[in-house]
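In what follows, a single structure is set out as structure tokens and then discussed.
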């Protein structure tokens, strides 16, 4: 029996550690689910006027309504839409009725419409403030000669188009014929994989327990054969 104490303790400790990690992931799942519900509620709330100053974190997803006109200058951001295919987001320089210059993501156009004429027009935009986190070390540099960006970096796009570093992603556009299909902000791109991680940890705990039981059985059987 003394020979079995150490493997038994090792097995119990391993199961406890793995089960604790699984329970922690379930706690993270509850936290992330509540956060996503809060974000969705914030995204769909009634729009407000454009704030005079911005806090990138506090104002992310804030619903706003603005009126003004596009300035005829834009960038196109490479993207793809399920069941539609590749295309571009049209990000236009926009001047509000109050004289502020900001960025407006008007929405999606297919690849064939990338070079279509989109002159300055008056419009009312309802959408959400957003500072996308799309750039990583693999993202190609923007091609400003052709107006192509591979990720929406608000600071970079604002510098290129001469606007404030703030982006409204349109939920709806009125006052003119639609030039793009709005791709509103959603929480769909925010990962929530904690349930899968919890299943993995609990699964490992079960495997660990099974391996421990098998090892102890082999030790006891071997001891019995010796006797």
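Computed quantities for the displayed model
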| read-out | value |
| --- | --- |
| Cβ-based exposure ranking for 168, 39, 5, in which fewest neighbours within 10 Å come first | 5, 39, 168 |
| Projected label distance in nm at residue 10 and residue 34, using a 7 Å step from Cα toward the beta-carbon | 4.0 nm |
| Burial ranking of peptide ranges 75-83, 118-126 (average Cβ count within 10 Å, highest at the top) | 118-126, 75-83 |
| Segment residue 148-residue 100, extension gain: residue separation times 0.36 nm, minus the distance between their alpha carbons | 14.9 nm |
| Kirkwood Rh in Å, taken over all unlike Cα pairs in the range 66-197 | 15.2 Å |
| Per residue, the convex hull volume that the Cα atoms of the range 3-83 enclose (Å³) | 229 Å³ |
| Spacing of the two label points (7 Å from each Cα toward its C-beta) at residue 24 and residue 164, in nm | 4.2 nm |
| Antiparallel bridges, percent of DSSP beta bridges restricted to the range 62-174 (to nearest 5) | 90 percent |
| Alpha-carbon centroid distance for the pair the range 121-142 / the range 44-106, whole angstrom | 7 Å |
| Globularity index of the range 97-153, i.e. its alpha-carbon radius of gyration over 2.2 N^0.38 Å | 1.35 |
| Whole-number Å³ per residue for the convex hull built on Cα positions in the range 45-119 | 117 Å³ |
| Cα-Cα separations in the chain greater than 31 Å, expressed as whole percent | 43 percent |
| Potential lengthening between residue 139 and residue 48 on full extension [0.36 nm per residue; Cα-Cα distance subtracted] | 29.4 nm |
| Burial ranking of peptide ranges 148-158, 87-97, 172-182, 131-141 (average Cβ count within 10 Å, highest at the top) | 87-97, 148-158, 172-182, 131-141 |
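Read the figures in this text as sums done on the coordinates, not as results from a lab. Remember, predicted model here, so these are calculated numbers, not experimental data. All Cβ positions, even for glycine, are placed from backbone atoms using ideal geometry, and neighbour counts span all protein chains on display.
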